[in-house]
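A short reminder: the numbers here are calculations on the coordinates, not readings from a lab. Predicted model, so just to flag it, every value in this text is computed and none were measured. All Cβ positions, even for glycine, are placed from backbone atoms using ideal geometry, and neighbour counts span all protein chains on display.
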Amino acid sequence: MFTIIIATKNNADNLDRCLTHLATITVPKQVIVKDAKSTDHTDEIITKNAAVVSKFISLSDKGIYDAWNQALPYAAGEYICFSGADDLIDRGWIAAALSYASEVQVKPALIYGNLIRRLGDRERLYAPPEMTEIYPTDLRRFWIPHPGLLHHRSLFDGRTFRQDLQLAGDYHFILRAVLLAGRVTCKKIVGTQCIMGADGLSHSMKGVDLSELDFEKIETELGFRPAPPRIRVQFLRLVSSWCPVCALRLRRLSWWLLGERKLRS
């Protein structure tokens, strides 16, 4: 069994689509929805999808990482993944990943695949390299897609997400684990682990600024400067302020800088 934790706030329609999709995943699963006291019709969506939702938590929180921390004590799966209400975990990929995990004696700490970002009718594929171990220097060269990423539950022994971070808490969690252990075992399963909605905060110019603040906090704590380099953030900020029209293209530029490629439009 795996556990999926979904953090949401006032995103009922996307949550409905997410839960409806999860109902089609036939492998044993535990679905935990952590809601931050939504004022829309989220409660109705939970009732509608009661057969899918294993645990519903409605409590105020300080952000997505605080929400995940509140849900973690209830997670019972051998592997745990995290999702936004607008993300769709690929059912074929999750079945293949869990099948692999059940067949090997030494369980990888992380199981990952490719990621598709979806914005309207456009899709972009991000394909990280295939590796069996991750070292600190690797996390300067690429990042592992977090939505749908399977974390072995042993990673959470005495560890939680740093909740004062706004967008890079998932990156910080993996980086800290790698720095503490010197390396972390992993396995890439061919295929797309998740289709990620790309119209949220993390893909806006405000998100670029917030990520930079998070990276500065991470560097202060761990003495390790994550990507993206400051020059990239400064460049995006400069272009945005110089030409507002160009700001509409910056999301595509950031995809290109991350090595993503266009699937269709």
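Odds and ends about this structure:
- Sorted by Cβ neighbour density within 10 Å, fewest at the top, the residues LEU150, LEU210: LEU210, LEU150
- For the stretch 1-86: rounded, prolate or oblate by the Cα gyration tensor [a/c cutoff 1.5]: oblate
- Averaging the Cα positions of each part gives two centres, and for the stretch 1-34 and the stretch 59-126 these lie 10 Å apart.
- Rounded to the nearest Hz, the phi-derived 3J(HN,Hα) couplings of the stretch 216-225 under the Karplus curve 6.51 cos²θ - 1.76 cosθ + 1.60 (θ = phi - 60°) are 5, 5, 5, 5, 5, 6, 9, x, 10, 8, where x marks glycine and proline.
- Partner lysines for LYS37 [C-alpha distance under 20 Å; skip if fewer than 8 residues away on the same chain]: LYS9, LYS48, LYS55, LYS62
- Near GLU133, the amide H atoms lying under 5 Å from its own belong to CYS186; only residues 5 or more places off or on other chains count, and H is placed 1.01 Å from N.
- Extension reserve of the ILE57-ASP164 stretch, reckoned as 0.36 nm per residue once the Cα distance is removed: 36.5 nm
- ASP121-GLU44 FRET efficiency (beta carbon distance; Förster radius 30 Å; 0.05 resolution): 0.55
- Listed by chain and number, the aspartates and glutamates placed with their C-alpha closer than 13 angstrom to that of LYS29 are GLU78; residues fewer than eight positions away on the same chain are left out.
- On the beta carbon distance between SER99 and GLU221, with R0 = 41 Å, the FRET formula returns roughly 0.65.
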